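Peer 1: Below are the C-alpha cells for one structure; questions will follow.
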Amino acid sequence: MRRRLLVALVVAAATLLAGCGGLPTTGPVIEGRVLGDVVNEPVRVVAVGPAAGASQESVVRGFLRAGEDADETHATGKSFLAPQSVDLWRWSNADVIVYDGDLAFRQVDEDSVEVTADVLARLTPDGRYVEQPPGMRERLMLGLVKVGGEWRIELPTSGFGLWLDNDQFNRVFANRFIYYVSPTGRTLVPDSRWFPNGSRLATTLARAQLSTLPPHLAGAVTTGVPAGTSLAVNAVPVSNGRAQVNLSSQALSADPAARAAMWAQLTKTLSQVASVGSVSLSVDNTPLELPGGVTSVGSPAELGYDVASEAPLDTALLRRGDTIRRFDPRYVPDTQAAKRPDLKPKDGDVGRIPDTWRNLAQSVDGRQVAAVSGDRNDLSIWRATEPTRAVPPFATALIRPVYDQPGYLWIAGVDESGADRVFVLDAVSSDPKATPKAVATPWLKDRRVRSLSMSADGTRLLLVTTDRNGIDEQVGLSGVVRTPNGEPQSLTAPLRQAQSLTRIQDVTWLDPTSYALLGQVRAGDPMRPWLATIGSGVDGTRREVGRLNAVPGAVTITSVGGPRGIIIVTSDNRVLARAGSNWPPIEQGSDVLVPGG
C-alpha cells in the first residue's frame, strides 16, 4: 500500500512539473502587470455575529471586528446594532480609523463602553489616507441597550464608520491610482486613493475617474471626461477580462482627442483590477469606437499615453571642491573594471564651479548647473561652453534649486518684503538680464520653504516647509499650474504627506507614485531615510518592517533610479549608496547631481 501511494505521488508530481515546461518560445510580447498588483483573490474574512448572552464588551468588540467582513452587505455587523442605529453605520462612505496594537475597553457605566486606540491614520470619505502624528489616541463612546434580552449597540447620532487595525485595513481597502492627463502632452498623472476591496472595485474606480479633478491637482492636469459624465448604470461588469464601462450621454460631447484621453485614463485606472485585461466604452449601451473601428483597449500605450518614466542612471556627477566629475553611483563591490560604466565627461558636462558656490542642481538635459552663493543671496548658472550667467539679485536665504522638464529653474527664498516666495526662471532664455518670477502661492502665508522636488511629468511639486522659526516641518504635494505655453503661474494648496514624521530635512521623487525623504519620527531620533507612496503613508514609522537604517548627519537625498538607487550626502561630505537597508560609503563629495535636481 505504501509503495502504491509513493508511486501515485511521484506520478502526480511529474504531471504537475510537465505543465511547467518553462517560458514560452513563441507568441506575442504583452505588457505585464504593475509590480504590487494583486493577482490572487484576497483573503476573505467572515465575521461572526453576537453570541447569546454576550457581555457588553464582547458585543462592542465583535462589532468593531465585523468591519472587515468580506460580506459587502455587512449584515453580520448590523446584527450587533440596535434597530435605530443600523442606518447610522456608514461603513461605505464615512471616516475610517486605522489603529495599531490592541484596543482598550473600559466600562464607563451600566450601559456605556469606552474604546481607545493608538491611531496610525484616518481615511476620509473621498479615500484620502491621512497619517496621524506619533502618540495620537482616539476615543469612542458607545451606548448599549437591551433588544430582545440581548445587549445591542447604540451608535452616535452623528454616525459611525469603521475602526480597523493596520492588517485589517489592508485587507478591506486597496490603494489604487486615478489617472489624469498633463495639459501639454500625453503623460498620465497618478492620484492616490483608497477604495473598498471587493467585487465592486472596478465600479468604484470608474466612478472616481469620472468625478471632478481633486483640488490639489486642479489646473495642473486635465481630463478627457466631459463635465457631468457619469455611469449610465451603477456597475462596471467584467466579462472575459474586458471591463465594460457604460457612460451617460454627456460623454458624447468629447471630441476625438478628449475621447482618446478619456479611454486612456479609464484603461490605466481599471487595469489595476486583477481581472481586467481591456476596457470598452459605450454610451447608453451604444458602443463607442476609436478610429479604425477599435472598440476595446488593453493599454493606454495603444493610444499614445503613458506615465512619465526615467531610466536608471549608470553615472552621475559628483562635486568635490571646485571639481565636478562623473562617478559610478551604484554600490556593487568587487565589480570587474570591464563592467564599470564609462566615466569620461559627456558632451555638455560642467567640469568646474568655485567651491564658494553651493547647493548645486543640474538641468534635465544635463547642460546646465545652477548654484547658490555661500551667503545664499545670489544665483548663478554654468554651462560648459558659455560664460557663467549671474542672475540679477531677486531674493535672499535661497535654497537648493531644481529644474523641470521644460527648462524652468525653481528656487525659493525671501523677497524684499520679508515673505517667503517660490520663484521660477526660464533657464533656456537667451536674455542674460532675465530675473526669476514669483509664482502665486497664497496658501504659503508665513511658512518657509526648505526643499523642493519636481516630478518627472512636471505637473507636481513636493515641498518641505517650516514655520518662521524653522520648526513644524511639513511635506506637501502641490499641482503646478502653467500658462498654455508652459510657463509656471501658480502652485495649488498642497496635499499633506508624511504626517507621521515630526522633522523633515529633504525630499526627492523616486518614480511617478513614490518618494524618499530624510526625517525623524521623534525629536532626538537619528536622521533616517524613509520610503513613501503618495497618499499611502511612510514605510516603517511604527514597525521595523520596511525601515531603512539611520544615517546620522544626513543632509541631502536623491536617486539615480527608483528606491534602489538612493544616494545620501552627509554633513562631512560622505556619499552613501543604498545596499539593502544599509548605507556604505562610495565616494567623498559635497554634491551629487542628477538631471533635474
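Peer 1: Kindly provide the set of residues from the stretch 241-255 that are out of contact with any strand residue (DSSP E or B) (no Cβ under 7 Å at 6 or more places or on another chain) and either farther than 20 Å from L205 by Cα or in contact (Cβ under 8 Å) with a residue 40 or more places away in the chain (or both), ordered by number.
Peer 2: S253, A254, D255
Peer 1: Only one of (1) assigned to a helix (DSSP H, G or I); (2) at pLDDT below 90; (3) open to solvent by 60 Å² or more (accessible area, probe 1.4 Å) is not met by G67, so which one is it?
Peer 2: G67 satisfies all of (1) assigned to a helix (DSSP H, G or I); (2) at pLDDT below 90; (3) open to solvent by 60 Å² or more (accessible area, probe 1.4 Å) except (3).
Peer 1: Quick one: in the stretch 299-313, which of the residues that are touching an Asp or Glu at 6+ places or on another chain (Cβ under 9 Å) and open to solvent by less than 30 Å² (accessible area, probe 1.4 Å) is nearest to S559 (Cα to Cα)?
Peer 2: Here the answer is A308.
Peer 1: Okay, moving on. Being open to solvent by 60 Å² or more (accessible area, probe 1.4 Å), out of contact with any helix residue (DSSP H, G or I) (no Cβ under 6 Å at 6 or more places or on another chain) and not in a loop (DSSP other than H, G, I, E, B) narrows it down to one residue among R319, R325; which is it?
Peer 2: R325
Peer 1: Closer than 20 Å to D165 by Cα, outside any helix (DSSP H, G or I) and either out of contact with any helix residue (DSSP H, G or I) (no Cβ under 9 Å at 6 or more places or on another chain) or modelled with pLDDT under 90 (or both): which single residue out of N40, N93 fits that description?
Peer 2: N93
Peer 1: Name the single residue that is nearest to R65 (Cα to Cα) among those in the stretch 166-184 being in contact with a helix residue (DSSP H, G or I) (Cβ under 9 Å, 6 or more places away or on another chain) and at pLDDT 95 or above.
Peer 2: Only one residue tops the list, namely R176.
Peer 1: Before we move on, is G596 of a type in the set (G, A, S), farther than 15 Å from L317 by Cβ and either free of Cβ contacts under 8 Å to residues at least 60 places away in the same chain or open to solvent by 10 Å² or more (accessible area, probe 1.4 Å) (or both)?
Peer 2: no
Peer 1: Take the residues in the stretch 409-448 that are in contact with a Gly (Cβ under 8 Å, 6 or more places away or on another chain) and assigned to a strand (DSSP E or B); name whichever of them is farthest from A516 (Cα to Cα).
Peer 2: The selected residue is D426.
Peer 1: Can you spot a residue in the stretch 480-487 that is over 21 Å from P595 (Cβ atoms) and among the aliphatic types (A, V, I, L, M)?
Peer 2: yes
Peer 1: If you don't mind, another one. Taking the residues in the stretch 124-147 that are of a type in the set (D, E, K, R) and in contact (Cβ under 8 Å) with a residue 40 or more places away in the chain as candidates, determine which candidate is surrounded by the most Cβ atoms within 10 Å (Cβ to Cβ).
Peer 2: Applying the filter and picking the extreme gives E131.
Peer 1: Could you look through the stretch 196-211, keep only residues that are surrounded by fewer than 19 Cβ atoms within 10 Å (Cβ to Cβ) and modelled with pLDDT of 95 or more, and pick out the one that is nearest to the chain's Cα centre (by Cα)?
Peer 2: The qualifying residue nearest to the chain's Cα centre (by Cα) is A208.
Peer 1: On to the next question. Using the structure shown, decide if A218 is within 30 Å of G476 (Cβ to Cβ) and open to solvent by 20 Å² or more (accessible area, probe 1.4 Å).
Peer 2: yes
Residue-by-condition table, conditions (1) of a type in the set (A, V, I, L, M, F, W, C); (2) open to solvent by 30 Å² or more (accessible area, probe 1.4 Å); (3) over 25 Å from K445 (Cα atoms):
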position	(1), (2), (3)
F394	yes, yes, no
L398	yes, no, no
Y403	no, no, no
S417	no, yes, no
R421	no, yes, no
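The values are calculated or read from the model by the stated rules, or taken from the named source; none is laboratory data. Bear in mind the structure is a predicted one, so any value in this text is a computation, not a measurement. Cβ coordinates were reconstructed from backbone atoms using ideal geometry, including for glycine residues, and neighbour counts include every protein chain displayed. Heads up: the accessible areas ignore ligands, DNA and RNA and are worked out on the full protein's heavy atoms, side chains in. Shrake-Rupley method; radii C 1.70, N 1.55, O 1.52, S 1.80 Å.
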